Structures are given as structure tokens and as C-alpha cells.
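Report on one structure; see the data block that follows.
The values are calculated or read from the model by the stated rules, or taken from the named source; none is laboratory data. What you see is a predicted model, and the numbers here were worked out from it, not measured in a lab. Cβ coordinates were reconstructed from backbone atoms using ideal geometry, including for glycine residues, and neighbour counts include every protein chain displayed.
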Amino acid sequence: MSAFSPIFVFRRGHPLKRYSQPNTGAGGLALHSVEGYGLPERFWSEERVPGDPDRFTPYAAASAKFLLRQDPNAYHLQMSEISASDWTSGGREANTTTWSIEAEGVAGEPLTQHQIDGFFVIAEAWQSFAGRALEDGVTVRPHHQLAREYGYDPTACESNRYAEARRLFFGQPPPPEEPMNEDRIRELAQQEAGVVFLPLMQQLIGIAEETFTDDEALDRVRAALLVAANTNRRMATLEAAVARIGEAFGAIADGAVEAHAAATGES
């Protein structure tokens, strides 16, 4: 891709986060939302399950073929060869037949013009590769549609962020999707948040338990982390979650000071 597209560069993803089975590409494009900003370092993370060095944690067990950046001065990324089957879309069937695209940003944010330009490059490259035209809803599918079709864990991803890009590419609005009420969207978003936040929550609680024994301070940490873990991944609540994680770190630090003061008699 980067060889013939001036708005893409190749930055190789983690070589172990893929299936050995080659990617046929026959299923078209799989659309995803990063639900964050900047480069998602989890794609390159080496974090492993404690006691099992051969398994990545749920946080780190992720990759993608393309990343669409928001900054118009930033290059979009291709992170694996066209033949690679990246861990992106929830299961082997989707990951070995589709080209996965992640878009920087969060739910509620349509793709920027720069991202739409990148989507067009990928879409046109797929049509050249496959020798046939893409079909909206058939060979261009959001993650949540693939999850339903293959019976994977349900998800709200890509939160309809590609709607304008699809409308412009196909000359008509995307086909209607299965409606979800607000409670169901919140439930799915909370499930997804757990994949990212829960391992961090567990690590922070472990740090707190090792740092001090003050039950009240430890309860403050747990309460702050519980609120963060149960948030959804929309912009406002992501910021709230980050703030509460900061509160938890503060509680850990305060507890350590209190423990030191109690042990030394200092005030």
C-alpha cells in the first residue's frame, strides 16, 4: 500500500499477533474504531498473561492492517502485508478473509476528510486486488455486523463512524443496520471497556495492596477503579475514567505516605 500511496507509510505491527493462515481478502473490508487518540500502543505491546509468557493479555492481544489517522499532517499506517491475518475482528473467519481498518477517534466522531481519503485509497486498492467492486454491507462491513454474522462476542464497534465515507464511496447511504436501544449500546460499550480497563484495574489494585494496609485508603482505590471499569468508551466517560484512575494513583500515594508515617512516627 505505502509503495503507491503517498498518504500511507508502513510501520510493521507485532509479528506474533496474527494467524499463520494467510488472508484471502475475499470478505472485503472490516471497519473498526480505535476509541482513542494517537497511536494505539496496545498493537505493539508485549504485555503477557502473568505465569503464561506465551499468551498476550486481553489488552495486548490486538492488531490491525490499517490505521487511519485524524491529523491531516500525519501519515496513515499500513501495519501488515495484505496476506497477513491480523487479530482484529473477533475470530478466525473474519480475520483470515478481511482487511481490517482501525480509525483513530471515538464514538460520535465521523471520519475526518483525511481519514475518508485514506479509506478511499484502501477501498480502491481492494477493488484492484480482488478484480471486483466492493458492495456496501456485503464486502464493506463494520465490526458489529461481522460479530453478528460469525457469532462472535457482541460489540458496538465502529459506532457508525464510517457512514459518510461509505455514502461518498458508494454514492448512497449505508444500508440500515439492526437497531440497538441506548441501554444495549451502553451494555456493549461497557463490555468492551472491560477488555482495556479491567487488566489495568487489577494491576492497580495489586499495587495498592502491596503498598499499604490501610483498609479505608484501599477501599477508596477500589471504589475509584470500579467506577472507571464500569464506564463506557465514549469521549466524556473515557476522560472521567482516566481522571478516576488518577484519583486511584493519588490514593495509592496517600496511603503509602500514611503507612510510612505510621511506621516511622513522622507526621
* Mind listing just one residue for me: the one in the range 89-111 that is more than 18 Å from the chain's Cα centre (by Cα) and among the β-branched types (V, I, T) and, of those, farthest from G171 (Cα to Cα)? => T96
* To do: For E93, work out the one condition from (1) closer than 17 Å to A125 by Cα; (2) modelled with pLDDT of 95 or more it doesn't fulfil.
  => (1)
* **Which listed residue, of D71, D54, D86, is under 16 Å from L16 (Cα atoms), exposed (fewer than 14 other Cβ atoms within 10 Å of the Cβ) and of a type in the set (D, E, K, R)** => D54
* Quickly run through the range 45-64 and pick out the residues that are among the acidic types (D, E) and in a loop (DSSP other than H, G, I, E, B). => E46, E47
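Run down W99, W87 and say which single residue is touching a Ser or Thr at 6+ places or on another chain (Cβ under 9 Å), touching a residue at least 40 places away in the same chain (Cβ under 8 Å) and under 24 Å from R161 (Cβ atoms).
Only one candidate passes the filter, namely W87.
Mind checking whether some residue in the range 32-45 is in contact (Cβ under 8 Å) with a residue 40 or more places away in the chain and over 15 Å from the mean Cα position of the chain (by Cα)? Explain how you work it out, then say what you get.
Going residue by residue through the range 32-45, those that are in contact (Cβ under 8 Å) with a residue 40 or more places away in the chain are 32-38, 40, 42.
So of that shortlist, the ones also over 15 Å from the mean Cα position of the chain (by Cα) come out as none.
Checked against the condition, which is being in contact (Cβ under 8 Å) with a residue 40 or more places away in the chain and over 15 Å from the mean Cα position of the chain (by Cα), the range 32-45 yields no hits at all.
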* Structure fact -> Per the list (1) of a type in the set (D, E, K, R); (2) under 25 Å from H114 (Cα atoms); (3) touching a helix residue (DSSP H, G or I) at 6+ places or on another chain (Cβ under 8 Å), residue check on K17 breaks on (2)
* Kindly indicate whether any position in the range 34-43 is modelled with pLDDT of 95 or more, surrounded by 15 or more Cβ atoms within 10 Å (Cβ to Cβ) and not in a helix (DSSP H, G or I). => no
* Asked: Can you pull out the residues in the range 1-33 that are surrounded by 15 or more Cβ atoms within 10 Å (Cβ to Cβ) and of a type in the set (A, V, I, L, M)?
  -> M1, I7, L29, A30, L31
* Of the criteria (1) surrounded by fewer than 22 Cβ atoms within 10 Å (Cβ to Cβ); (2) in contact (Cβ under 8 Å) with a residue 40 or more places away in the chain, which one R48 fails -> (2)
